[in-house]
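The values are calculated or read from the model by the stated rules, or taken from the named source; none is laboratory data. Everything numeric in this text was worked out from a predicted model, so none of it was measured. Because the Cβ atoms are built from the backbone with ideal geometry, glycine has one as well, and the counts that use them run over all protein chains shown.
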Amino acid sequence: MRAISPVGLLLDVDGPVASTETRTVPEAMLAALLRLAERRVPIGFNTGRSAEFLLRQLIEPLRAAGLPDAAPFYGVCEKAAVWFPFSDVPRGSVPTLTVDAIASASDAPSWLRVDESMAITAEVREAIWTLNRERAGDPEDGGLQFIDRTKLAMVSLEKTVGADQGAFLAVRDDVVEGVRALLAERGLADRITVDPTVISVDVEDRRSGKDLGVLRCRALMAEAGVEQPARWFTAGDSRTDYAMADRLHEDGARVDHVDVRPSDGVPATAYPVLTAADLAAHGHGRPDDVHERVGLSLLEYAETLLDATA
Ligand SMILES: [Mg+2]
């Protein structure tokens with residue numbers, strides 16, 4: 001067993017780590033993650049996005065910058081249906097992870113864990129794609145909503161960049177209704193849920209979520225013999241991200257949640273919630289920062305806590 005880290009992090013990706021505008025991870029964020037990796041701080045990246053997204057936007061740039069092979073970093077993707085330790089990702093170029101290459105969970109490369117009981121079958125996926133093409137139009141030709149082929153377990157439909165929001169929302173709701181009917185016809189309505197957002201539609205197993213992501217991450221740590229940290233920080237830009245801190249708190253862990261975009265209001269919680277203003281009071285960032293700028297302030301704050309316990 002390795003020594004207990006004073007701090008561990010569980011981070012939503014879009015928002016606190018990757019820019020919601022460019023979808024990329026800023027250089028300063030990569031550098032801070034690298035410093036924490038060198039100090040063996042366990043970090044779980046808990047996202048609704050695909051393993052392909054994490055691989056290209058985070059893991060490849062981190063490795064190019066010198067991420068140690070033994071870094072205790074973990075990817076939890078597709079709302080916890082897909083997960084893996086970074087150290088298991090093969091060195092060198094990794095082929096694109098799409099449903100075209102990985103048609104079912106049993107075809108996934110051995111380093112990538114896919115919960116087959118949560119995966120949507122190829123038949124249902126095809127039916128949803130066909131319905132989307134009929135109702136949202138051909139994505140190649142002005143369609144309002146395209147399919148994300150990198151999702152291996154869930155089915156995600158996304159707003160075409162530049163599409164009119166009003167037109168998109170009408171089409172989105174029409175597709176959602178169709179998908180719900182399609183699931184009901186197959187007797188899947190109890191197992192699979194449809195989650196519309198302002199830019200997408202996610203079709204996923206009901207167990208999906210950030211709380212399950214916490215369990216996946218902690219299980220990977222236990223498997224690798226990495227001790228649970230003395231104190232967790234979770235971070236996100238959505239209400240659903242609080243589920244990470246809820247889970248840890250219920251499990252008896254010490255946790256603070258960092259809300260990087262608290263404009264929806266901060267709910268009452270049984271654990272402390274920090275915002276940009278609190279991190280600025282500790283000397284990191286500005287009180288009016290949002291998203292990845294607050295994520296960076298959190299990483300810098302975590303470094304000072306390591307220094308204090310060193
Ligand atoms: Mg987010």
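Quick test for you: out of ALA136, ALA181, ALA122, pick the one residue that is of a type in the set (Gly, Ala, Ser), over 20 Å from THR98 (Cα atoms) and without any contact (Cβ under 8 Å) to a residue 24 or more places away in the chain.
Working: ALA136 fails: without any contact (Cβ under 8 Å) to a residue 24 or more places away in the chain; ALA122 fails: over 20 Å from THR98 (Cα atoms).
Exactly one residue qualifies, and that residue is ALA181.
Restrict the check to segment 27-47 and report whether at least one residue is modelled with pLDDT under 95 and not assigned by TED's automatic domain parsing to the domain that holds ILE199.
Let us first name the residues in segment 27-47 that are modelled with pLDDT under 95, namely none.
No - not one qualifying residue is present in segment 27-47.
Yes/no per residue for (1) more than 16 Å from the ligand (Cβ to nearest atom); (2) under 16 Å from SER5 (Cα atoms); (3) touching a helix residue (DSSP H, G or I) at 6+ places or on another chain (Cβ under 6 Å):
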{"residue": "GLN228", "(1), (2), (3)": "yes, yes, no"}
{"residue": "ARG231", "(1), (2), (3)": "yes, yes, no"}
{"residue": "GLY236", "(1), (2), (3)": "no, no, no"}
{"residue": "ALA245", "(1), (2), (3)": "no, no, no"}
{"residue": "ARG254", "(1), (2), (3)": "yes, yes, no"}
{"residue": "HIS257", "(1), (2), (3)": "no, no, yes"}
{"residue": "VAL260", "(1), (2), (3)": "no, no, yes"}
{"residue": "SER263", "(1), (2), (3)": "no, no, no"}
{"residue": "ALA270", "(1), (2), (3)": "yes, no, yes"}
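Working carefully through the options LEU306, LEU299, LEU279, find the one that is at pLDDT 95 or above and touching a Ser or Thr at 6+ places or on another chain (Cβ under 7 Å).
It is LEU279.
For ASP14, only one of the following conditions fails: (1) at pLDDT 95 or above; (2) among the acidic types (Asp, Glu); (3) under 27 Å from GLY285 (Cα atoms). What is its number?
So the condition that ASP14 fails would be (1).
Could you identify the single residue in LEU62, LEU58 that is within 16 Å of the ligand (Cβ to nearest atom), assigned to a helix (DSSP H, G or I) and in the same structural domain as ARG216 (by TED's automatic domain parsing)?
Working: LEU62 fails: within 16 Å of the ligand (Cβ to nearest atom).
Matching residue, one of LEU62, LEU58: LEU58.
Looking at this structure, is ALA71 small (Gly, Ala, Ser), assigned to a loop (DSSP other than H, G, I, E, B) and not assigned by TED's automatic domain parsing to the domain that holds LEU152?
Values: small (Gly, Ala, Ser): yes; assigned to a loop (DSSP other than H, G, I, E, B): yes; not assigned by TED's automatic domain parsing to the domain that holds LEU152: yes.
Criteria met by ALA71.
Pick from VAL13, VAL94, VAL41, VAL82: which is hydrophobic (A, V, I, L, M, F, W, C) and within 16 Å of the ligand (Cβ to nearest atom)?
Details: VAL94 fails: within 16 Å of the ligand (Cβ to nearest atom); VAL41 fails: within 16 Å of the ligand (Cβ to nearest atom); VAL82 fails: within 16 Å of the ligand (Cβ to nearest atom).
So the residue among VAL13, VAL94, VAL41, VAL82 that is hydrophobic (A, V, I, L, M, F, W, C) and within 16 Å of the ligand (Cβ to nearest atom) is VAL13.
Output the number of residues of segment 165-210 satisfying the condition of being charged (D, E, K, R) and surrounded by 20 or more Cβ atoms within 10 Å (Cβ to Cβ). Give the steps one after another, and end with the answer.
Let us first name the residues in segment 165-210 that are charged (D, E, K, R), namely 172-174, 177, 180, 185-186, 190-191, 195, 202, 204-207, 210.
Narrowing further to those that are surrounded by 20 or more Cβ atoms within 10 Å (Cβ to Cβ): 172, 202, 204-205, 210.
The qualifying residues number 5.
Looking at the structure I just gave you, is ARG293 farther than 17 Å from VAL13 by Cα and in contact (Cβ under 8 Å) with a residue 12 or more places away in the chain? I'd like the intermediate steps shown before the answer.
Details: farther than 17 Å from VAL13 by Cα: no; in contact (Cβ under 8 Å) with a residue 12 or more places away in the chain: yes.
Here the answer is no, as ARG293 does not meet what is asked.
Surrounded by fewer than 21 Cβ atoms within 10 Å (Cβ to Cβ), free of Cβ contacts under 8 Å to residues at least 40 places away in the same chain, β-branched (Val, Ile, Thr) and more than 21 Å from PRO6 (Cβ to Cβ), is that true of THR304?
Numbers: surrounded by fewer than 21 Cβ atoms within 10 Å (Cβ to Cβ): yes; free of Cβ contacts under 8 Å to residues at least 40 places away in the same chain: yes; β-branched (Val, Ile, Thr): yes; more than 21 Å from PRO6 (Cβ to Cβ): no.
So THR304 fails the test.
Looking for something within 19 Å of the chain's Cα centre (by Cα), of a type in the set (Ser, Thr, Tyr) and under 17 Å from ALA222 (Cα atoms) - is there at least one such residue anywhere in segment 61-78?
For segment 61-78, residues within 19 Å of the chain's Cα centre (by Cα), of a type in the set (Ser, Thr, Tyr) and under 17 Å from ALA222 (Cα atoms): present.
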